[in-house]
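For reference, the structure is listed below as structure tokens.
The values are calculated or read from the model by the stated rules, or taken from the named source; none is laboratory data. Keep in mind the model is a prediction, meaning the values are calculated, not measured. Ideal geometry is used to build each Cβ from the backbone, glycine not excepted, and the neighbour counts take in all protein chains shown. Ligands, DNA and RNA are excluded from the accessible area calculation, which covers all protein heavy atoms including side chains. Shrake-Rupley method; radii C 1.70, N 1.55, O 1.52, S 1.80 Å.
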Amino acid sequence: MTTLKPPNKPRLRRVVSYNQVDDANSLEKKEKMNQPDKPCHRPTDSLFSSSSGFNNYRGLLNLCIVLLVLSNARVALENIIKYGILIDPLSAGSVFFKDPYNWPSVLLILTANVFVLFTFAVELGLSNCRISEDFGRMCHTINLLAVIVFPATVVLIVHPIPFFSSAALGIYAITFLKLVSYIATNQWCRANIAASRRQRVRSMSLYPKDGANGVVSSSIVLTQYPDNLTLSDLYYFMLAPTLCYELNFPRSARIRKRFLLKRIAEMIFLFQLIIGLCQQWMIPTVNNSMKPFQDMELQVIVARALKLAVPNHLIWLMFFYWFFHSCLNVIAELLRFGDREFYRDWWNAESVTEFWSNWNVPVHKWASRHLYKPMLTRGYTKMQASIVVFFASAFFHEYLVSVPLRMFRLWAFSGMLAQIPYAIFVAKYLHGKYGNMAVWISLIIGQPTAILMYVHDYYILHYGSVS
């Protein structure tokens, strides 16, 4: 008769604890150090191996900065040896005062007040119910179209210097965006008041005897519609460094005089530096690039574009700091405007859309608030809304370039629209640092190419030759 044996119990394995392993390793290390061969090796990964965990490359970054400074110093020295000193810090002002055809640019800027005051009058009529919403919408549409068409017509007829006319058109473009936001915000307030009245009437019909709930008191005094419809409020918004209107802007407690003086000093210094670099570095390079463009010498064209890329990008970076940090902070400090987020860390952008969202925050907020999100609420897809935003940006880029130059080549417009497929490509195939490198390449190469195209066409159109 067979007897059943109990199943064999699995033999439990003793696991060595981490403390025991560390003790064993330390004992082994001590034992090796006591050997007469004086050991100096231990298991270690190379620093450039990802498994090493090393990430401090500050010295290499300093080396890159030193090499960049030395290479640009060599180019600057060659430029001075070849062309001499071309910098004239008073040339911009002297050209403006000597040529009377530049004064229409100033008159254009002052005339913008007419469109602002017309918008204010229409909004007053709408708030008092003196005019209907449909008639007010028609008046606003005609006025906004005039804001775009009128200055362009004056520039095309009078022909002021492109630099000054472009600045005037830029102010009109800002005025257009601000007035759109002002009109839309007030319309939202009227719609909210109308909805509140309907809700109040409905509540009274449902609960006619309930009168206990009054207006909730608050210690914070906020401006309410239509109390915001004053000239002081409107012109504060027109001068404030923002494109989006609110009834109650965040305000700082005081004007910081030391901070203000620093930003003013930066404005003056960087403006003169930008003008000097353009005169000494950019203009000779552009002039030397016209002949290869006319003869269609592809290799020379590429070489000239790459040569122009370095000074163009340095000037663009200086302009970014001058405008978005120095100038806008000066205006914000004087007006005690609290929201100073004029830019984000666009230099770390890993996609094209992230760059355009971070480098010009006021425009991004306007596009998101008055264009992108309203399209989404109307049932459009995110891709369709993004394409419309890029179309609007492309229009204003071309508007600020083609009208002052009095020629329509659509290089800026095409360059902005080319960002759409490029953004899709980068988002799909390039990520992390490779996406960031793709963003930098588009900035460094794209801008000088467009500049050479516009300058070449301008010379051919207005002078007949580039020789």
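Condition first: under 29 Å from Asn436 (Cα atoms), in contact with a His (Cβ under 8 Å, 6 or more places away or on another chain) and not small (Gly, Ala, Ser). Can you find one or more residues in the range 353-362 that meet it?
Kept after step one, since they are under 29 Å from Asn436 (Cα atoms), are these residues of the range 353-362: 353-362.
Applying the additional criterion that residues be in contact with a His (Cβ under 8 Å, 6 or more places away or on another chain) yields 356-358.
Now narrow it down to the ones that are not small (Gly, Ala, Ser): 356, 358.
Yes - at least one qualifying residue is present in the range 353-362.
At pLDDT 65 or above, exposed (fewer than 10 other Cβ atoms within 10 Å of the Cβ) and among the basic types (Lys, Arg): which single residue out of Lys98, Lys82, Lys9 fits that description?
Details: Lys98 fails: at pLDDT 65 or above; Lys9 fails: at pLDDT 65 or above.
That would be Lys82, the only listed residue that is at pLDDT 65 or above, exposed (fewer than 10 other Cβ atoms within 10 Å of the Cβ) and among the basic types (Lys, Arg).
Which is touching a Leu at 6+ places or on another chain (Cβ under 7 Å), polar (S, T, N, Q) and modelled with pLDDT under 95, of Ser132, Ser166? Walk me through how you get there before you give the answer.
Working: Ser132 fails: touching a Leu at 6+ places or on another chain (Cβ under 7 Å).
Within the list Ser132, Ser166, the selection yields Ser166.
Considering only residues of the range 230-263 that are in contact with a Lys or Arg (Cβ under 8 Å, 6 or more places away or on another chain) and open to solvent by less than 50 Å² (accessible area, probe 1.4 Å), which is modelled with the lowest pLDDT?
Filtering the range 230-263 down to residues in contact with a Lys or Arg (Cβ under 8 Å, 6 or more places away or on another chain) leaves 237-238, 242-245, 251-255.
Adding the requirement that they be open to solvent by less than 50 Å² (accessible area, probe 1.4 Å) leaves 237-238, 242-245, 252.
Values: Phe237: 96, Met238: 96, Thr242: 95, Leu243: 96, Cys244: 96, Tyr245: 96, Ser252: 91.
That would be Ser252.
Can you confirm whether the range 197-207 contains a residue that is assigned to a loop (DSSP other than H, G, I, E, B) and at pLDDT 85 or above?
Within the range 197-207, the subset assigned to a loop (DSSP other than H, G, I, E, B) is 207.
Within this subset, residues satisfying the condition of being at pLDDT 85 or above are none.
Within the range 197-207, not a single residue is assigned to a loop (DSSP other than H, G, I, E, B) and at pLDDT 85 or above.
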Exactly one condition in (1) assigned to a loop (DSSP other than H, G, I, E, B); (2) under 19 Å from the mean Cα position of the chain (by Cα); (3) not aromatic (Phe, Trp, Tyr) is false for Met267; which is it?
(1)
Thr153 passes all but one of the listed conditions (1) polar (S, T, N, Q); (2) open to solvent by less than 50 Å² (accessible area, probe 1.4 Å); (3) without any contact (Cβ under 8 Å) to a residue 24 or more places away in the chain; the exception is number (2)
Search result, residues across the range 34-80 that are in contact with a helix residue (DSSP H, G or I) (Cβ under 7 Å, 6 or more places away or on another chain) and farther than 27 Å from Gln280 by Cβ
Pro39, Asp45, Ser46
Taking the condition touching a Ser or Thr at 6+ places or on another chain (Cβ under 6 Å) and part of a helix (DSSP H, G or I), does Ala450 pass?
no
Quick check on my filter: what residues within the range 108-124 are of a type in the set (S, T, N, Q) and open to solvent by 30 Å² or more (accessible area, probe 1.4 Å)?
Thr111, Asn113
For residues in the range 413-428 being without any contact (Cβ under 8 Å) to a residue 24 or more places away in the chain and of a type outside the set (A, V, I, L, M, F, W, C), which is nearest to Val401 (Cα to Cα)?
Ser414
